[in-house]
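The structure is given below, and queries will be raised subsequently.
Nothing in this text is a laboratory measurement; each read-out follows from the coordinates by a stated rule. Because the structure is predicted, anything quoted here is derived from the model rather than measured. Here the Cβ positions follow ideal geometry from the backbone for every residue, glycine too, while neighbour counts run over all protein chains shown.
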Amino acid sequence: MNPDPRDILIKSRAFAVVGATRNKDKYGYQIFRILADSGYKAYAVNPNYDSIEESPCFPSLADLPEKPDVVVTVVPPHVTEKIIDEAARLGVPVVWMPPGSASETAIRKCEDCRLSHVDEACVILAVKSLRWNSA
């Protein structure tokens, strides 16, 4: 199932950003920041950091304090494929794969696990679009 990205943003509260980073030039930072700054509960997931700015960073989805509504993968496709397995085990209903993180295998895994998925849609543009339409 491939839902409208704006519907995901409207209906969801908590997002896990896998591949979040401290590097402000990278999408992992920018996606985490725009979600947090837009009022969503944004969890940074990256085993290489303890925190990103004032926010704790978790080594895996299983280490989060709650099950997120959406997992955003800002990692290479082969890592995304492993994250989908973890998301399915934890019962996370939606995987959002921005440009560069999806693969045919990842999409098929989502479908096999009956996970809703957003493919190749930019989180940053979707959040900005929702803001513009709400103004």
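Filter segment 112-135 for residues that are closer than 18 Å to VAL79 by Cα, outside any loop (DSSP other than H, G, I, E, B) and free of Cβ contacts under 8 Å to residues at least 40 places away in the same chain and give the result.
If the condition is that a residue be closer than 18 Å to VAL79 by Cα, outside any loop (DSSP other than H, G, I, E, B) and free of Cβ contacts under 8 Å to residues at least 40 places away in the same chain, then ASP112 is the only one that fits.
Being charged (D, E, K, R), touching a helix residue (DSSP H, G or I) at 6+ places or on another chain (Cβ under 9 Å) and in a loop (DSSP other than H, G, I, E, B): is that true of ARG22 here?
When the stated conditions are applied, ARG22 passes them.
I would also like to ask the following. Please state which of the following conditions PHE32 fails to meet, knowing it meets all the rest: (1) in a helix (DSSP H, G or I); (2) free of Cβ contacts under 8 Å to residues at least 12 places away in the same chain; (3) under 21 Å from LYS128 (Cβ atoms).
(2)
Each row is one residue, and each column tells you yes or no for (1) touching a residue at least 60 places away in the same chain (Cβ under 8 Å); (2) surrounded by fewer than 17 Cβ atoms within 10 Å (Cβ to Cβ).
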{"site": "LYS67", "(1), (2)": "no, yes"}
{"site": "VAL70", "(1), (2)": "yes, no"}
{"site": "VAL74", "(1), (2)": "no, no"}
{"site": "MET97", "(1), (2)": "no, no"}
{"site": "THR105", "(1), (2)": "no, yes"}
